[in-house]
């Protein structure tokens with residue numbers, strides 16, 4: 001049957017982007033589970049002991065930080081609708097099973113599942129937008145929907 005709204009080139013671009021996101025997610029899952037030291041690991045304390053005084057921020061650091069904060073604020077507003085499915089899952093876990101979700105207290109496996117869920121959420125929304133809207137084009141609705149997807153992909157990349 002195929003996807004009648006997608007051209008071959010936009011489908012190839014979408015597959016390439018999703019492939020990159022999946023490779024990045026696999027690398028992040030590896031880091032979460034195997035490579036990042038546990039809290040209390042002697043490697044972390046030895047690093048903290050070597051750093052005697054924190055670095056001071058320059059004017060350029062403040063300017064770049066302010067710009068980055070503004071961009072992050074706009075992106076957070078754009079991606080807000082994409083957070084409804086994960087939020088509803090967290091509510092279901094809390095009210096259905098009594099699971100209290102806190103990132104700081106969760107295990108590596110739970111965090112790995114969270115990252116996998118975030119990637120699955122992005123892929124699902126991407127496929128839905130591609131199916132309903134079609135390829136990216138200068139239409140205002142298409143621009144907004146693809147900007148939402150780009151904002152969510154940016155969050156996944158930067159947060160992890």
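What follows draws every value from the coordinates through simple rules; no lab data is involved. Computed from a predicted model, the values in this text were never measured in an experiment. Positions of Cβ are generated from backbone atoms using ideal geometry, with glycine treated the same way; all protein chains shown enter the neighbour counts.
Just rank 87, 30, fewest to most, by other beta-carbon atoms within 10 angstrom. Before the final figure, lay out the partial values.
Values: 87 9, 30 12.
Ascending Cβ contact count within 10 Å gives the list 87, 30.
Could you work out how far apart the two model spin labels at residue 159 and residue 120 are, taking each label as a point 7 Å from the Cα in the direction of the beta carbon, and quote it in nm?
The modelled label-to-label distance comes out at 1.6 nm.
Please sort 146-155, 76-85, 55-64 by packing, taking for each peptide the average over its residues of neighbouring beta carbons within 10 angstrom, highest first. Write out the running numbers ahead of the final one.
Working: 146-155: 18.5, 76-85: 14.7, 55-64: 9.0.
Result, highest mean first: 146-155, 76-85, 55-64.
Beyond 14 Å, what share of the Cα-Cα pairs of the stretch 78-160 remains, rounded to the nearest whole percent? Write out the running numbers ahead of the final one.
Values: 2320 of 3403 pairs.
Above the 14 Å cut-off, the stretch 78-160 has 68 percent of its Cα pairs.
For residue 113 and residue 16, what does the FRET efficiency come to when R0 = 22 Å and r is the distance between their Cβ atoms, rounded to the nearest 0.05? Spell out each step's value before the answer.
Working: r = 26 Å, r/R0 = 1.18.
Once rounded, the FRET efficiency stands at 0.25.
Could you work out how far apart the two model spin labels at residue 71 and residue 56 are, taking each label as a point 7 Å from the Cα in the direction of the beta carbon, and quote it in nm?
2.7
If I model a spin label as a point 7 Å beyond the Cα along the Cα-Cβ vector, how far apart are those points for residue 144 and residue 88 in nm?
So the label points at residue 144 and residue 88 sit 2.0 nm apart.
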